[in-house]
Amino acid sequence: MSTITTPPSPGKYPDVMPGTYPVIEPGHDFATITEKIGAINVRRGTPLWWLMGFLVAFGIMNMMLVLIGYLFYKGVGIWGLNIPVAWGFAIINFVWWIGIGHAGTLISAILLLLKQSWRNSINRFAEAMTLFAVMCAGLFPLIHTGRPWLAAYWLFPLPLTMGVWPQFRSPLIWDVFAVSTYFTVSLLFWYVGLVPDLASLRDHAPRRWQRFFYGFLAMGWRGSARHWVRYEMAYIILAGIATPLVLSVHTVVSFDFSVAIVPGWHTTIFPPYFVAGAIYSGFAMVLVLAIPIRALYGLKDMITMRHLENSAKLMLATGLIVAYGYGAEAFMSWYSGNQFEWFMQKNRVLGQYHLFYWALIACNIVIPQVLWIKRVRTNVVLLFFISLDVLVGMWLERFVIIVTSLANDFVPTSWGHYVGTRYDWGIFIGTLGFFTAAMLLFLRILPAISISEMKTLLPQAEVKMTEAEVKR
């Protein structure tokens, strides 16, 4: 009997669990997978929407570079920082971007070790998302020092002739080690996974310069048994190394706040609460990227509703953990009897930034509850806007945590009000431009979906027609 070539509906076929979607639609074989994914990079021309999007994103990125140059010339006084609020957009955006990078490593490493085959369609661009998000995050601590050539090198353990070393008991130094390790391991994991696909592009590229470019990056891969054994061993080892990093990196970032004695920061709930929030915002960004990619490149048969719905479920689960963190933080502020912690909690709810607090509650807790409904989880448009809502909410969360605890101390004469200036907003928007431009370049040059790993899903695509369908 022949195989089905039209997309199946949920629960229609015996090989698909009732009520679920397949991880790859029927009708594919080894050749069609290689051709469909590889053609985006080596055979198709550059679409107009890509050129327009890249030009806009590149222009926004260059605006950021101009503003950073002006920042180096004038100093951080052009930002909205003041005496009580010494941390502003730079640290808010740093924590936000680091959080976005978490879903890529979770999809790649943890789901690989758990043998979750649905990750194979989205892990590649999720890993790229991680790398670009960490690049955006790493920018902010450097420019937060004002003039990096005078101050940023103090963050690194370099031998100095003055005999002065960084304060290794500071969580800011821990950040340097944690984030740099996270980026290095993520980069290696991403590149190792790319090697077999680069060889496929080399073998199918129609132009000589393409064959040279992809052949150089493939490092002599020939797909022999020895190559595959070493590849799989290296891939699993890197996944094992990357797995604890998912938990450790944002835990270390949370130490920037929780080891301080500032009320509103000094709490033990921050490490797990920050990790859950990072995965929450990370999966939101995965959906924001996956939905346009599958539509613009015609990859709905490979990035199916199964992937979108599973990502929505994980987003809902981590969102509930974040909601628990909000509740635990508020309860312990009251139950502890600590007047300073309780004052800070009331200040968030009723103080000068109370609109930001209630906006984050709406974005992070109230609106995502509609994801309990299957029709919402499988509605692409609603899912896209809910993901954007979560990204906004998680940014507001970082704003509330950082600014409200600094703006209102317990001596009214030291109270202040923080507002981001056009330079704060310009640099933040510029990182969005850099991230978008980098993602577009990645989609144009490298395969957005893993060719080799998609081929392992082919047995799930071979769904047979029932006898009644054959007769029809």
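Looking only at residues of the range 46-92 that are within 14 Å of TYR418 (Cβ to Cβ) and aromatic (Phe, Trp, Tyr), we find that the one that is surrounded by the most Cβ atoms within 10 Å (Cβ to Cβ) is PHE89. When each of LEU106, LEU113 is tested for being out of contact with any strand residue (DSSP E or B) (no Cβ under 7 Å at 6 or more places or on another chain), surrounded by fewer than 21 Cβ atoms within 10 Å (Cβ to Cβ) and not β-branched (Val, Ile, Thr), the lone residue that passes is LEU113.
Do we have GLY99 as in a helix (DSSP H, G or I) and surrounded by fewer than 17 Cβ atoms within 10 Å (Cβ to Cβ) here? Considered against the rule, which asks whether it is in a helix (DSSP H, G or I) and surrounded by fewer than 17 Cβ atoms within 10 Å (Cβ to Cβ), GLY99 comes out as no. Looking only at residues of the range 327-339 that are of a type in the set (A, V, I, L, M, F, W, C) and surrounded by fewer than 15 Cβ atoms within 10 Å (Cβ to Cβ), we find that the one that is farthest from the chain's Cα centre (by Cα) is TRP334. Flag: SER248 matches the condition of being modelled with pLDDT under 90, closer than 27 Å to MET332 by Cβ and open to solvent by 30 Å² or more (accessible area, probe 1.4 Å).
For the range 357-398, what are the residues that are open to solvent by less than 30 Å² (accessible area, probe 1.4 Å), touching a Gly at 6+ places or on another chain (Cβ under 9 Å) and in contact (Cβ under 8 Å) with a residue 40 or more places away in the chain? Passing the criteria: LEU360, ASN364, PRO368, LEU371, VAL390, MET394, GLU397, ARG398. Residues of the range 276-292 being more than 23 Å from VAL322 (Cα to Cα) and open to solvent by 10 Å² or more (accessible area, probe 1.4 Å), which ones? Scanning the range 276-292 gives ILE291, PRO292. Entry remark, the range 110-146: residues being closer than 18 Å to LEU289 by Cα and outside any helix (DSSP H, G or I) number 1 in total. Counted as qualifying within the range 343-441 are the helices (runs of 4 or more DSSP H) with 1 or more residues that are at pLDDT 90 or above and in contact with a Pro (Cβ under 9 Å, 6 or more places away or on another chain), namely 380-407.
Any residue at all in the range 200-210 that is of a type outside the set (Gly, Ala, Ser), under 30 Å from SER311 (Cα atoms) and at pLDDT 85 or above? Yes, because at least one residue in the range 200-210 is of a type outside the set (Gly, Ala, Ser), under 30 Å from SER311 (Cα atoms) and at pLDDT 85 or above.
The values are calculated or read from the model by the stated rules, or taken from the named source; none is laboratory data. What you are looking at is a predicted structure, and each value in this text was computed from that prediction instead of being measured. Cβ sites come from the backbone with ideal geometry, for glycine too, and all protein chains shown count toward neighbours. These accessible areas exclude ligands, DNA and RNA; they are computed on the full protein's heavy atoms, side chains included. Shrake-Rupley method; radii C 1.70, N 1.55, O 1.52, S 1.80 Å.
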